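Enquirer: Input: one structure, supplied below.
The values are calculated or read from the model by the stated rules, or taken from the named source; none is laboratory data. Small disclaimer: the values here were computed from a predicted structure and weren't measured. When we count neighbours, we look across all protein chains shown, and the Cβ atoms used for this are built from the backbone with ideal geometry, even at glycine. Please note that ligands, DNA and RNA were not included when accessible areas were found on the heavy atoms of the full protein model with its side chains. Shrake-Rupley method; radii C 1.70, N 1.55, O 1.52, S 1.80 Å.
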Amino acid sequence: MTIEMKQSSAYLIAILTVVTILTRISGVSAQVNADGSIDTGDKFENAKLEYLESPELVAERLAWWNDARFGMFIHWGLYAHDGCFWNGQDGRSEHMMRNLQIPISEYEKIADEFNPQKFNADEWAKIAKDAGMKYMVITSKHHDGFAMFNSPSDDYNIVKQTPWKRDAVLELKQACEKQGIKFGVYYSLGRDWHHPQCNSKGGSRSNVWDFPEEEKKDYSIYFNEKVKPQISELITQYKPAIIWFDTPELITKEQSIELLALIHKLDPDCIVNQRVGNKLGDYAVREQKIPEGGEPQPWETCMTLNGAWGYHKTDDNWKTADSLVHSLVDIASKGGNFLLNVGPTGEGVIPAKSVSRLNEVGEWLIVNGEAVYGTTSSPMGEFDWGRCTKKVGKRNTTLYFAVFNWPESGELVIPQIKYKVQKASILKTGEPVKTETTNQGLKISLPEIAPDEMASVIKVEVKGLVK
């Protein structure tokens, strides 16, 4: 074998390795394109959104959401029963049904055993509250087509088909209300492996093992028989603040418009994400990534706490608490929201390591939340040492400099800021810090030791409106 052939083989192996890893840990859709990017099922995922309503109306609907900045995503369904395993086989993710091509007749048997006796909605909502999360979104129906709520239009649901016979969505809605947390529901729009008419481009993302005649499928039948009735039920029964659609796939623009009209007829204040399809929705979604320069439109990053979205019993690839704090601040500094996922077990328990990480983030936010909630994007770019968020008043601007890497020099220099400083202090302690406006910009003198190992925030109030 020549050197060139060896190099080519090594390169191919490396690419295949990356794709294999991404297949295991990728996003909501948990599918990977040939180039290694995540397949979200949205052909317009990077396009600018088109609004059917006035910017003022959309902004009013999003007002609480823009202030919230931090939410909990929950992927929970039949796939969690044995931690994404089926008959001893590793289903790799919440896409277990498709990955193993489990026939519907066999997959339905999981519901016969699904009995999460340790589920406690109040505990879940309290975990979110303690983490500093302001809203929650749970999978009401994932790609396997199984509804985690009491659906009058389709008996394939948690109340009708499991020995548990409880409505998880209703209980979580009520628990979130007690904690003052906004409640939302996820709904798989273009993938449903239980419905014979739900198709996808080339059949690559639909159930072709039970329903092989892909060319005869008609998405509009599924849309009218299942999607519209269940979306109506979700709004009328639970009044979610958000409907978080996923994988729009083959939905037409006319159908996306029809769905939005249905939602806003029932609840004009209900927020809808980008994956309603066809460049519509109130805000954009970025999956498992943070855009370098943020986005000019409202946007949200959804991300896993470990590898998979749904509970996988061998997945121990946990993100560190400081990396989560850094992601949260990074996203806020670019004007986005952070929707961080947990995958509860088949018993109904959020894994202890998830709770531990979230508690650490929550403890940081108790002290430093002012630098996240209600802030807007930074007037400057990224810094090697950290990020900046801001709040603009009538005449003054408050800047929050979150320092991830404490400078050995004992000072920060921000060249973009040449405004008059009215006050500067360490947010955690209130201790004043010395500032000086020079030709190089704003110089901030810091104590020798960082007051917070994860991220120390310097609060600087300046005269004028910083843009």
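Enquirer: Considering only segment 42-63, I want to know if a residue exists there that is at pLDDT below 75 and among the β-branched types (Val, Ile, Thr). Walk me through it before giving the result.
Expert: Pass one, segment 42-63, residues at pLDDT below 75: none.
There is no residue in segment 42-63 that is at pLDDT below 75 and among the β-branched types (Val, Ile, Thr).
Enquirer: Being modelled with pLDDT under 95 and more than 18 Å from the chain's Cα centre (by Cα) is the requirement here; does Ser204 meet it? So that I can check it myself, show each step before the final result.
Expert: Numbers: modelled with pLDDT under 95: yes; more than 18 Å from the chain's Cα centre (by Cα): yes.
So Ser204 passes the test.
Enquirer: Another question, if that's okay. If you check Ser204, Ser232, Ser256, which single one turns out to be of a type in the set (S, T, N, Q) and open to solvent by less than 10 Å² (accessible area, probe 1.4 Å)?
Expert: Result of the check over Ser204, Ser232, Ser256: Ser256.
Enquirer: Go through (1) outside any strand (DSSP E or B); (2) modelled with pLDDT of 95 or more for Ser378 and report which single condition fails.
Expert: Every condition holds for Ser378 apart from (2).
Enquirer: Of the numbered conditions (1) surrounded by fewer than 19 Cβ atoms within 10 Å (Cβ to Cβ); (2) within 33 Å of the chain's Cα centre (by Cα), Lys418 satisfies every one except a single condition; which is it?
Expert: So Lys418 meets the others, but not (2).
Enquirer: So in segment 422-467, with the set limited to residues that are more than 30 Å from the chain's Cα centre (by Cα) and of a type in the set (Ser, Thr, Tyr), which one is surrounded by the fewest Cβ atoms within 10 Å (Cβ to Cβ)?
Expert: Thr438
Enquirer: Can you pull out the residues in segment 304-327 that are buried (at least 21 other Cβ atoms within 10 Å of the Cβ), without any contact (Cβ under 8 Å) to a residue 60 or more places away in the chain and not in a loop (DSSP other than H, G, I, E, B)?
Expert: Result: Leu324, single match.
Enquirer: Let me ask another. Going through segment 145-185 one residue at a time, which ones are assigned to a strand (DSSP E or B) and open to solvent by less than 30 Å² (accessible area, probe 1.4 Å)?
Expert: Selection gives Ala147, Asn157, Phe183, Gly184, Val185.
Enquirer: So, one more: Kindly indicate whether any position in segment 213-222 is among the basic types (Lys, Arg) and within 25 Å of Thr304 (Cα to Cα).
Expert: Going through segment 213-222, the residues among the basic types (Lys, Arg) turn out to be 216-217.
Pick out the ones that are also within 25 Å of Thr304 (Cα to Cα) and you get none.
Scanning segment 213-222 turns up no residue that is among the basic types (Lys, Arg) and within 25 Å of Thr304 (Cα to Cα).
Enquirer: Since Leu266 meets every condition but one in (1) out of contact with any helix residue (DSSP H, G or I) (no Cβ under 7 Å at 6 or more places or on another chain); (2) farther than 16 Å from Tyr51 by Cα; (3) not β-branched (Val, Ile, Thr), which condition does it not meet?
Expert: All conditions are met except number (1).
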